[in-house]
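Here's the structure, in structure tokens; my notes come after.
Each reported figure results from applying straightforward, stated rules to the coordinates on display, with no laboratory input. Keep in mind it's a predicted model, so treat the numbers as computed, not measured. For neighbour counting, all protein chains shown are included, and Cβ atoms are generated from backbone atoms with ideal geometry for every residue, glycine included.
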Amino acid sequence: MTPQDHARAAADLLNAEKTGKQIGLLTRRHPEMGMHDAYEVQKAIYNAKLVEGRKVIGWKIGLTSKAMQYALNIDIPDSGILFDDMAFEHDSTIPNGRFIQPRIEAEIAFVMKEAIGGDGVTRQDVIAATDYVAPSIEILDTRILRVDPETGKTRSVFDTISDNAANAGIVLGPQKHAVDAFDLRWVGAITSRNGEVEETGLGAGVLNDPVQSVMWLAQRMAQYGQRIEAGNVILSGSFIRPVECPSGSNIHADFGAFGHVSIAFA
């Protein structure tokens, strides 16, 4: 793909977000598309949003579970950018029509007190730089069709990364914990929709340890001359499958002693 291709794809995705009308698979439009192209499209979206006045509040890490990696035939996670208009209050209601096809995932969020970066970042560096951890919900949306209607082909990881790793929102629970207050591998969540349990999982599903996930992000960002900044929120990765959230969905993620977080969709 050329820089012009990247720019056009980004513009199409931004228009889809604003109009609520999905675009076709980028991998069908550009069969030669690779990982570098996908992150270049994401970067073009990032630049456009900054011009619009948006501010970066953090990062999300996706595809951290083996199940999701096997499904997409990859062996590494992906990442996306959290902007200030993506933050929603715990126990609030999202207006109808805000998203196209919203889904949610339960995750452990890291809030950083110090900047961290470089390809030599260690586990201890992540722990030292973390202010606190909290229960969270990530809201996913897709500005790209999940399945091409003509070929039946599903989105690839390159489509998803281009679409800001399908990120659309973040909800932090009210509880804040020191990063070493819990063994995060054993922090789990029971995630319910309208009172019915939909998914359960444990933090160990995230690269064996959510701290490891944040370390991976810092190292990946270093390849692009970026770093995690103080105050950033890092969604470390989901340990449940995405839960569909049609209109009228009330979502509650119960993390036990770690806390809880809720969101509703009008």
Checklist entry - Over the stretch 1-153, what number does the Rg to Rh ratio reach, with both radii from the alpha-carbon atoms and Rh per Kirkwood? => result 0.96
Item to check | aspartates and glutamates whose Cα lies under 19 Å from that of Lys18, excluding same-chain neighbours fewer than 8 positions away | outcome: Glu52, Asp84, Asp85, Asp141, Asp159, Asp163
Checklist entry - What helices does the chain hold that run 20 Å or longer along their axis, going by alpha-carbon atoms, with a Kyte-Doolittle average of -1.0 or more, using DSSP H for the helix calls? => result 3-19, 35-51
Checklist entry - How much length is gained on full extension from His36 to Thr19, taking 0.36 nm per residue of separation minus their Cα-Cα distance? => result 3.4 nm
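When only Cα pairs under 8 Å and 6 or more residues apart are kept, what is the percent relative contact order across the stretch 56-265?
The value is 34 percent.
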Checklist entry - What percent does the relative contact order of the stretch 1-148 come to when contacts are Cα pairs within less than 8 Å and at least six residues apart? => result 27
Checklist entry - Could you give the length gained on full extension between Tyr132 and Arg98, defined as 0.36 nm per residue of separation minus the Cα-Cα distance, in nm? => result 9.3 nm
Item to check | Spin-label pair Ala115/Gln219, simplified geometry with 7 Å Cα→Cβ offset, distance in nm | outcome: 2.2
Next on the checklist: Let me spell out the model: positive unit charges on the Cβ of Lys and Arg, negative unit charges on the Cβ of Asp and Glu, origin at the Cα centre of the stretch 56-265. What dipole size does that give, in debye rounded to 20?
Outcome noted: 220
Next on the checklist: Placing +1 on the Cβ of each Lys and Arg and -1 on the Cβ of each Asp and Glu in the chain, which of Phe255, Ile108, Phe83 has its Cα farthest towards the positive end of the resulting dipole?
Outcome noted: Phe83
Next on the checklist: Taking a ≥ b ≥ c as the square roots of the Cα gyration tensor eigenvalues, with a/c under 1.5 meaning rounded and otherwise prolate when a/b beats b/c, else oblate, which class fits the chain?
Outcome noted: oblate
Checklist outcome for this item: Measuring from its Cα centre, the stretch 1-138 shows a charge dipole (+1 at each Lys and Arg Cβ, -1 at each Asp and Glu Cβ) which, in debye to the nearest 20, is 400
Next on the checklist: Could you work out how much longer the chain between Ala181 and Val197 gets when fully extended? Use 0.36 nm per residue separation minus the Cα distance between them, nm to one decimal.
Outcome noted: 3.1 nm
Next on the checklist: Projecting each Cα onto the charge dipole of the chain (Lys/Arg +1, Asp/Glu -1 at the beta carbon, about the Cα centre), which of Met215, Gly53, Gly231 comes out farthest on the positive side?
Outcome noted: Gly53
Item to check | Within the stretch 56-265, percent of DSSP bridges classed antiparallel, to nearest 5 | outcome: 85
Item to check | Label-point separation in nm, Arg146 to Thr2, each point 7 Å along Cα→Cβ | outcome: 3.5
